[in-house]
Amino acid sequence: MNINSMVKSDLSFGRAAIYIITFLMGGCGIAYEYTFSKIASDLLGNSVQQWAVIIGLMMFCMGIGSDIQKYIKDKHIFDSFIFFEIILSLIGGFGPIFLLFVFGAGRDYFALAQYGLSTVTGILIGLEIPVLARINERYTPQLRLNIGGILRMDYIGAFLGALSWIFVLTRFFTIIQTGFIIGIINNIVAGIALLYFVKNASKKFILAGSAIVSVVALGYGFCNAPAWTACAEQRLFLDPIVYSKTTVYQHIVLTQHFSGDIACYINGHLQFHSNDEYIYHEFLVHPAMHAAQKRKRILVLGGGDGLAVREILKYKEVRSITLVDIDPEMTDIAINNPYLASLNQGSLQHAKVSVIKNRAIKSGKKKEVPIQNRARPLLQEFTPGPEISIINMDAAKFIEQAPGLFDVIIIDFPDPNSLELSKLYSKGFYEKIYNKLSRNGIFVQQSSSPFFTQKAFICIGKTIKSAKFSTVPIHENVPSFGEWGWWLGCKKDFMSENRLKHALQSIDSLFVETQYLTPQLIKASLSFGKNIHFNNADIKINTMLNNVIYKYYIQELKENE
């Protein structure tokens with residue numbers, strides 16, 4: 001082999017090494033952005049805002065990093081690049097668990113830690129491409145080929161890194177473990193660079209030792225991530241955590257008081273407490289069930305905990321219950337978790353479960369389930385139970401495709417505390433509900449607090465009414481949440497608002513046994529104080545495009561802090 005061939009081979013190998021490094025860097029960079037955004041959205045909620053702010057901030061800082069690199073002298077370029085990669089791997093790897101500890105120890109300092117880490121990470125990511133381009137000048141001196149090759153591999157790496165983060169890392173590992181894995185990959189980048197550019201590095205032994213220590217530290221962090229996460233997360237709750245899992249859609253936590261009471265949190269927000277959840281669920285279910293002329297075919301949107309279904313199963317005439325909850329993990333723990341299964345009295349344990357991944361409803365085999373006659377439990381009599389179907393898909397997609405009509409529709413969504421949820425409180429969504437409600441049917445919507453989030457509560461009622469429903473609000477105090485409200489609706493050609501209100505006032509006895517609800521409480525729930533201004537003209541209707549309910553809700557929460 002002549003000298004020219006050797007030089008060409010060396011140049012080709014150098015470019016190949018640079019491109020492999022760039023490819024891995026691109027994947028790690030986008031994964032860091034996603035990881036910090038996911039941590040922020042899990043802890044603070046409002047995922048759209050958190051992702052937009054974090055990624056926007058990191059991209060801004062990448063621009064700063066791209067400019068800072070001009071101060072690095074050529075003779076230090078190799079050492080600096082490897083050093084930056086080691087530091088980036090440690091910050092990116094330990095950053096998520098650090099943020100979790102900060103949030104638990106002092107939430108007032110979380111924003112400083114969050115934006116501080118995002119800023120440093122963004123600057124370090126921004127340094128990478130221009131520094132590599134300068135190194136690549138030795139192997140690809142033509143600027144157009146140099147920049148084109150570097151950016152091509154960076155963008156390809158970013159795309160595959162995004163896919164890996166979504167479909168592999170966060171599916172099989174926790175977000176904390178994901179951070180450590182990305183950090184280890186980043187160390188591989190440093191290792192490849194050190195192996196190839198060892199002749200150009202002036203402090204090769206220090207860099208090699210630092211890389212080894214960094215990998216060991218990240219590996220140790222990965223192995224201890226579950227224990228560290230449990231310790232950090234426990235700081236967020238007064239009672240011991242008995243279940244914790246981050247799903248594709250949300251973070252679910254169950255805690256248990258020493259008295260045995262269970263509380264469920266989703267993304268840090270209390271969903272129910274076993275000490276008083278029956279108050280909420282009895283008001284959610286029974287006024288609507290009593291106002292309806294028929295109760296054979298029931299639809300529950302949300303309510304994956306099975307607590308609303310527990311109340312529905314008290315009615316003998318119910319022939320089918322369809323529960324639609326987007327998260328299969330939520331319905332799974334409602335079936336299999338002993339704490340939650342005990343609380344919902346096994347309401348979903350005999351259900352037919354369909355996990356919908358292609359957004360199209362598939363028909364399944366019908367199944368009759370014997371359930372205990374709750375009206376006479378001591379006699380252990382059994383009657384043919386309703387067909388219970390659990391469908392894990394987006395409620396808006398389901399309601400577009402659902403066959404047939406429903407006698408009662410019960411909507412038990414979380415509060416509209418994010419832009420994603422606000423669409424489920426929109427006029428367009430309620431118009432779809434209208435088309436799926438039988439002529440003499442009733443539907444009920446949980447509607448947050450008429451006291452603490454009054455504008456949001458009134459907005460829900462106005463929006464429902466705009467979809468051609470007759471509407472009536474009710475409210476009750478639920479100790480864990482304070483004053484809480486619901487809106488009931490029916491088609492106008494079935495009952496006017498006055499007739500619907502009269503139908504609720506005329507309930508003199510309940511068809512089923514309850515722990516809290518009485519006919520007198522239903523009558524009382526129809527009365528509101530003078531401070532509730534239902535005819536407030538300034539409150540707008542919520543649509544898919546304006547998302548005003550989210551703005552009302554967030555604004556009022558801040559005002560009541």
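The values are calculated or read from the model by the stated rules, or taken from the named source; none is laboratory data. Because the structure is a prediction, the values reported are computed rather than measured. All Cβ positions, glycine included, derive from the backbone under ideal geometry; neighbour counts span all protein chains shown.
Among residues belonging to region 238-257 that are among the hydrophobic types (A, V, I, L, M, F, W, C) and at pLDDT 90 or above, point out the one that is nearest to the chain's Cα centre (by Cα). Looking at the filtered set, the residue picked out is Ile252.
Yes or no, residue by residue, for (1) aliphatic (A, V, I, L, M); (2) in contact with a helix residue (DSSP H, G or I) (Cβ under 7 Å, 6 or more places away or on another chain); (3) crowded, with 18+ Cβ neighbours inside 10 Å; (4) closer than 16 Å to Met289 by Cα:
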site: Gly485; (1), (2), (3), (4): no, yes, yes, no
site: Leu504; (1), (2), (3), (4): yes, yes, yes, yes
site: His533; (1), (2), (3), (4): no, no, no, no
site: Ala537; (1), (2), (3), (4): yes, no, no, no
site: Asn547; (1), (2), (3), (4): no, yes, yes, no
site: Lys558; (1), (2), (3), (4): no, no, no, no
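Pairs linking a residue in region 14-26 that is in a helix (DSSP H, G or I) to a residue that is among the charged types (D, E, K, R) and surrounded by 20 or more Cβ atoms within 10 Å (Cβ to Cβ), with Cβ atoms under 6 Å and 6 or more positions apart or on different chains, are Thr22/Asp154; Met25/Glu128; Gly26/Asp154. Ile39 - would you say it is of a type outside the set (Gly, Ala, Ser) and either in a loop (DSSP other than H, G, I, E, B) or more than 22 Å from the chain's Cα centre (by Cα) (or both)? It is false that Ile39 is of a type outside the set (Gly, Ala, Ser) and either in a loop (DSSP other than H, G, I, E, B) or more than 22 Å from the chain's Cα centre (by Cα) (or both). Where helices (runs of 4 or more DSSP H) sit wholly within region 380-448, those with at least 3 residues that are surrounded by fewer than 24 Cβ atoms within 10 Å (Cβ to Cβ), at pLDDT below 95 and in the same structural domain as Val472 (by TED's automatic domain parsing) occupy 395-401, 419-422. Beta carbons closer than 6 Å, at least 6 apart along the sequence or on distinct chains, pair a first residue in region 276-291 that is without any contact (Cβ under 8 Å) to a residue 60 or more places away in the chain with a second that is acidic (Asp, Glu) and in a helix (DSSP H, G or I) for His281/Glu311. Summed over region 71-100, the residues that are in contact (Cβ under 8 Å) with a residue 40 or more places away in the chain and over 22 Å from Ile188 (Cα atoms) give a count of 5.
For Val102, the stated conditions do not hold, so it cannot be described as surrounded by fewer than 23 Cβ atoms within 10 Å (Cβ to Cβ) and over 23 Å from the mean Cα position of the chain (by Cα). Of the residues Leu488, Leu510, Leu500, the single one that is assigned by TED's automatic domain parsing to the domain that holds Ile312 and part of a helix (DSSP H, G or I) is Leu500.
Return the total of residues in region 54-72 being out of contact with any helix residue (DSSP H, G or I) (no Cβ under 8 Å at 6 or more places or on another chain) and either surrounded by 14 or more Cβ atoms within 10 Å (Cβ to Cβ) or over 12 Å from Leu127 (Cα atoms) (or both). Final tally of qualifying residues: 1.
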